[in-house]
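Read the structure below first, then the notes.
Derivation of every value follows stated rules applied to the coordinates shown; laboratory data play no part. Just so it is clear, the model here is predicted, and its values are computed rather than measured. Here Cβ is always computed from backbone atoms with ideal geometry, including for glycine, and neighbour counts include all displayed protein chains.
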């Protein structure tokens, strides 16, 4: 009788509890499912918030959504082409959107697949019988039907590719709704991975100037290295004296919103990305929005086309995104990896299951 094939997962039971490395039967993909072998997974800020208890999540679960994998098996109805229309085969190195959508509900039809009524979100799903491998802190990940899968070019390093389906694609979505930035003055608030990506992407798209507002001196230096033409402390932002054509708020700080709003140029677009947790209300003078023709947009996650733009950006960029991952640990040391990732001086830390 053949031995049952097993795969490991780091099971998270809740804040304050160490991960438990457990073995489960390795799933066989059915229908439109795709099984990938996890090559690497970096730890995002939302993973840290869940781990520390600052963000609620269904438990037990397998965390991790910034995943890079290798296609191991295709279900009989799984796509044979990736998002870009390229052949999808066993052995391909791939990324995929942070959430799978049904394609048929009202929100999907309105071009909001990231808000699908039947959303499956990787690294955020509770373990239930037969459904374990939906997170990156495991040997394998089972991709649900409706997952937006994209091959990753060989020359894009693992460390750069892991955050493609999180920070990079989210910034691509923010800049898409902001419109053409060529020749414009762009404000980027925050120099975490989102902010550094925004600086680099805006410059690559022809922004005339990119000003990054960031309280941490080391991160301000990084912002300049990743394309910002200037990086200033938030309290010095008004002294820059520029009317910003586009602003991206990536910190979630009400004070950041209040500081930027008066500095926007007539006709500016302000895209809010960082405010994914409840915070105090902010005052908003409606008259100013009207008289100055301002556009306020919110972006939470992204559409599949933004993942395509993210990978294209990483494939073409000369900015050293791979250097922003401070290190890697094996799955057995996942709690140690979370400890490293919690260091304020670390932008990303990763886990390699193999």
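Values computed for the structure shown
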{"quantity": "Distant alpha-carbon pairs in the range 110-238 (separation over 20 angstrom), percent", "calculated": "57 percent"}
{"quantity": "Which labelled figure in [x] 111, 71, 40; [y] 59, 51, 38; [z] 75, 40, 38 is Cα extents along the principal axes in Å, once derived from the coordinates", "calculated": "[z]"}
{"quantity": "Cα-based equivalent ellipsoid, the range 225-338: semi-axes from gyration tensor eigenvalues, Å", "calculated": "32, 18, 17"}
{"quantity": "Sequence-separation-based contact order of the range 174-333, relative, with Cα cut under 8 Å and 6+ spacing, percent", "calculated": "19 percent"}
{"quantity": "Contour excess over end-to-end distance, with Cα ends at residue 70 and residue 315 and 0.36 nm allotted per residue", "calculated": "86.4 nm"}
{"quantity": "Rh (Kirkwood; distinct C-alpha pairs) - the range 279-352, Å", "calculated": "16.7 Å"}
{"quantity": "Burial ranking of peptide ranges 4-10, 279-285, 78-84 (average Cβ count within 10 Å, highest at the top)", "calculated": "4-10, 78-84, 279-285"}
{"quantity": "Peptides ranked, highest mean first, by Cβ atoms within 10 Å: ranges 55-64, 99-108", "calculated": "55-64, 99-108"}
{"quantity": "Relative contact order (%) - the chain, alpha-carbon pairs under 8 angstrom, separation at least six", "calculated": "18 percent"}
{"quantity": "Antiparallel bridge percentage (DSSP; both residues within the chain; nearest 5)", "calculated": "55 percent"}
{"quantity": "Bins of 5 Å, starting at 0 and running to the largest distance - Cα pair percent for the range 11-157", "calculated": "2, 10, 18, 22, 20, 15, 9, 3, 0"}
{"quantity": "Interatomic Cα distance distribution for the range 90-171, bins of 5 angstrom, percent", "calculated": "3, 14, 21, 24, 20, 12, 5, 1"}
{"quantity": "Value in Å of the Kirkwood radius, where the range 170-298 supplies the Cα pairs that are averaged", "calculated": "14.2 Å"}
{"quantity": "Cα-based Kirkwood hydrodynamic radius, the range 144-188, one decimal, Å", "calculated": "12.9 Å"}
{"quantity": "Rule-of-thumb Rg ratio for the range 1-89 [Cα; 2.2 N^0.38 Å; N residues]", "calculated": "1.31"}
{"quantity": "Helical mean residue ellipticity (222 nm; -39500 (n - 2.57) per DSSP H run of 4+; nearest 500) of the chain", "calculated": "-6500 deg cm²/dmol"}
